[in-house]
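Structure first, then comments.
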Amino acid sequence: MIVLGIESTAHTFGVGIVDEEGNILADERVVLRPKEGGILPREAAKLFSEEGGKAIKRALERAGIGMEDLDGVAFAIGPGLGPSLRTGAVAARYLSLRFGKTLVGVNHGVAHIEIGKLLTDTRDPLVVYLSGANTQIIAFEKGRYRIFGETLDMGLGNFIDSFARALGIPFPGGPKVEELARKGKNLIDLPYTVKGSDLAFSGLLTAAIKALERHPPEDVAFSVQEIAFAMVTEVTERALAHTEKEEVLLVGGVAANKRLQEMMRTMAEERGAETFVVPFKYAADNGVMIAWTGLLALKSGMRTSPLEPVNPRFRVDQAELPWLTGKGFKPSNLS
Ligand code: AMP
Ligand code: MG
């Protein structure tokens, strides 16, 4: 089976093509890079509708196949920004109807998890999903990916990017803040906000920006990382104790951070669990993760009507996972 997947939930229009062994046949991306500030949904949608068709063509060329060779078309049906989501959905519905291909809509968060599992060979991990907009601790329990803790305000990535902006570092600020933090030595007292199993970053952000008036930026960057990552590690440890999983899988852009990886590894090791990190290239939004999750779904008999609307608020714990709950297809890395 060969599936083409389209990602368009936020800043990236991605087209991926995969086969059922998990081979990546194509990975094309069109990325909106705002000169300043955040993503304007309408700008993203404009870029995607201008460039999306060409990206699909390039992906087919790269894979060396034609539309007739595809067994299905997948797209990210949510969560995300409405205007962005709709451009990908329109393209996928068109391909499905015009070429008679089975259509399936997949959850974007589930796709981050499934591509992470495929590329790290993990079977049943506790997933720490740390992207710009999302911060969630997730594990498969009783037929669903359940959320064991999450941010109550902003995502960890957005938090770091906002702090970086106060230092004049452009988006994405994560890598530069990490570099700066390596030069810091003094831990500054900043608010640590864990509420039960959930997290909040806005108080820490305000205090960190204020601390820049009195402390060197490298010490503030160091403290910001130590405190924010300790918060995430604490709720991950709680989820690990509860779920008793033996693998911890870090996904999303912030997973690239070496200090975060080190803190997670130390914590997980003490609990007898091993830590895995999604390869950096596939931590960011991409079409391959949609194609792979679509393939799992299609193999298990899932179908989506072209009339089904996108769902900007589709939570990961609402997604059906027939490839994990059913008796049908199991990908080779799970069998
Ligand atoms: P995503 O939303 O998954 O595409 O990830 C993008 C986010 O990851 C942005 O907020 C980046 O600042 C953040 N990021 C990327 N590299 C790093 C890093 N080394 N340390 C911390 N955050 C990072
Ligand atoms: Mg994402």
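Scanning region 1-59 for residues that are away from ligand 1 (no atom under 16 Å from the Cβ) and of a type in the set (D, E) yields D19, E20, E21, E28, E43, E50, E51. Restricting attention to region 147-189, the residues that are in a helix (DSSP H, G or I), within 8 Å of ligand 1 (Cβ to nearest atom) and without any contact (Cβ under 8 Å) to a residue 24 or more places away in the chain total 1. The condition of being within 30 Å of D19 (Cα to Cα) and polar (S, T, N, Q) holds for only one of N257, N286, that being N286. Looking only at residues of region 103-127 that are within 19 Å of I24 (Cα to Cα) and in a loop (DSSP other than H, G, I, E, B), we find that the one that is farthest from ligand 2 (Cβ to nearest atom) is D121.
Can you find a residue that is within 16 Å of ligand 1 (Cβ to nearest atom), in contact (Cβ under 8 Å) with a residue 40 or more places away in the chain and not in a helix (DSSP H, G or I) anywhere in region 213-222? Checked against the condition, which is being within 16 Å of ligand 1 (Cβ to nearest atom), in contact (Cβ under 8 Å) with a residue 40 or more places away in the chain and not in a helix (DSSP H, G or I), region 213-222 yields no hits at all.
Of the residues making up region 128-143, one or more are without any contact (Cβ under 8 Å) to a residue 60 or more places away in the chain and away from ligand 2 (no atom under 16 Å from the Cβ). Residue count for region 191-211 satisfying the condition of being small (G, A, S) and assigned to a helix (DSSP H, G or I): 5. Taking the listed residues V15, V3, V73, the one that is of a type outside the set (G, A, S) and within 17 Å of the chain's Cα centre (by Cα) is V15, with no other qualifying.
The criterion of being under 20 Å from A26 (Cα atoms), assigned by TED's automatic domain parsing to the domain that holds N311 and away from ligand 2 (no atom under 16 Å from the Cβ) does not hold for G100. In region 107-121, the residues that are free of Cβ contacts under 8 Å to residues at least 60 places away in the same chain and basic (K, R) never reach a residue that is part of a helix (DSSP H, G or I) and within 15 Å of ligand 1 (Cβ to nearest atom) with C-beta atoms less than 7 angstrom apart, at least six apart or across chains.
Considering region 179-199, the residues that are farther than 18 Å from T135 by Cα and crowded, with 16+ Cβ neighbours inside 10 Å include one that is farthest from the chain's Cα centre (by Cα), namely I188. From the list A89, A76, A44, A59, the one residue that fits, being buried (at least 20 other Cβ atoms within 10 Å of the Cβ), assigned to a helix (DSSP H, G or I) and touching a His at 6+ places or on another chain (Cβ under 8 Å), is A44. The residue of region 248-293 that is surrounded by the most Cβ atoms within 10 Å (Cβ to Cβ), among those that are more than 14 Å from ligand 1 (Cβ to nearest atom), assigned to a helix (DSSP H, G or I) and of a type outside the set (V, I, T), is A291.
The values are calculated or read from the model by the stated rules, or taken from the named source; none is laboratory data. Remember, it's a predicted structure, so these values are computed and weren't measured experimentally. Cβ coordinates were reconstructed from backbone atoms using ideal geometry, including for glycine residues, and neighbour counts include every protein chain displayed.
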